[in-house]
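*Asks:* The structure's right below; bear with me while I get my questions together.
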């Protein structure tokens, strides 16, 4: 009876051990199959859990990657906008520079034109002033020459006054015509002829030749002008 009881217990232990091993093997097989399936899903991108065999990224890493990607996009967009803004500024600056250059060119042209007009006006005024000065100088020279000629003629007429009178209105020896006021050209001709001895009016040829024989052409012109003015 005792032996039978021991054998029964041994048999029960063997059965329990066999069942435990069988359950453990089944669980291991199920775990292996589940892991294999999980790896397959992970490789196919179908993981539904936070981790996939230790190879799937964590949510924090994914967030960091997303932020980095967003930052790169923002940086690229900002760079593009900055480039566009810089190009716009360059274009506006170029247009402004062209406008300033055009305005400066117009101002320079206007200044040149005004300077040219001013120079022409100055030249015209200067030419007019020179002409006026020449005219005034000519008049002054003529007046001075006339005055000098008059003085010279008056001095030369002094020796004629004895016969023709101080005013030239006396008939020399009661024979000659009044000489005062006669045309200067006629007087020059007559005096020149008396000097040459080719003129003899009322027998006065020799007397007149003696009076005017020493006169030069300039003297004759001067005395004739003076007598003409009497």
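*Asks:* Exactly one condition in (1) within 30 Å of residue 209 (Cβ to Cβ); (2) under 60 Å from the mean Cα position of the chain (by Cα) is false for residue 117; which is it?
*Replies:* (1)
*Asks:* In this structure, is residue 179 assigned to a loop (DSSP other than H, G, I, E, B) and surrounded by 18 or more Cβ atoms within 10 Å (Cβ to Cβ)?
*Replies:* When the stated conditions are applied, residue 179 passes them.
*Asks:* Shifting gears a bit: Among the residues of the stretch 156-169, is any farther than 28 Å from residue 145 by Cα and either in the same structural domain as residue 146 (by TED's automatic domain parsing) or not in a helix (DSSP H, G or I) (or both)?
*Replies:* Scanning the stretch 156-169 turns up no residue that is farther than 28 Å from residue 145 by Cα and either in the same structural domain as residue 146 (by TED's automatic domain parsing) or not in a helix (DSSP H, G or I) (or both).
*Asks:* Which one of these is surrounded by 10 or more Cβ atoms within 10 Å (Cβ to Cβ), under 30 Å from residue 227 (Cβ atoms) and not assigned by TED's automatic domain parsing to the domain that holds residue 208: 137, 86, 97?
*Replies:* Going through 137, 86, 97 in turn, just one is surrounded by 10 or more Cβ atoms within 10 Å (Cβ to Cβ), under 30 Å from residue 227 (Cβ atoms) and not assigned by TED's automatic domain parsing to the domain that holds residue 208: 137.
*Asks:* Which one of these is in a helix (DSSP H, G or I), touching a helix residue (DSSP H, G or I) at 6+ places or on another chain (Cβ under 7 Å) and at pLDDT below 90: 139, 128, 149? It would help to see each step written out before you state the result.
*Replies:* On the way: 139 fails: touching a helix residue (DSSP H, G or I) at 6+ places or on another chain (Cβ under 7 Å); 128 fails: touching a helix residue (DSSP H, G or I) at 6+ places or on another chain (Cβ under 7 Å).
Answer to the selection: 149.
The values are calculated or read from the model by the stated rules, or taken from the named source; none is laboratory data. Every value quoted in this text rests on a predicted model; they were computed, and no experiment measured them. Reconstructed Cβ throughout: ideal geometry from the backbone, glycine too, with neighbour counts over all protein chains shown.
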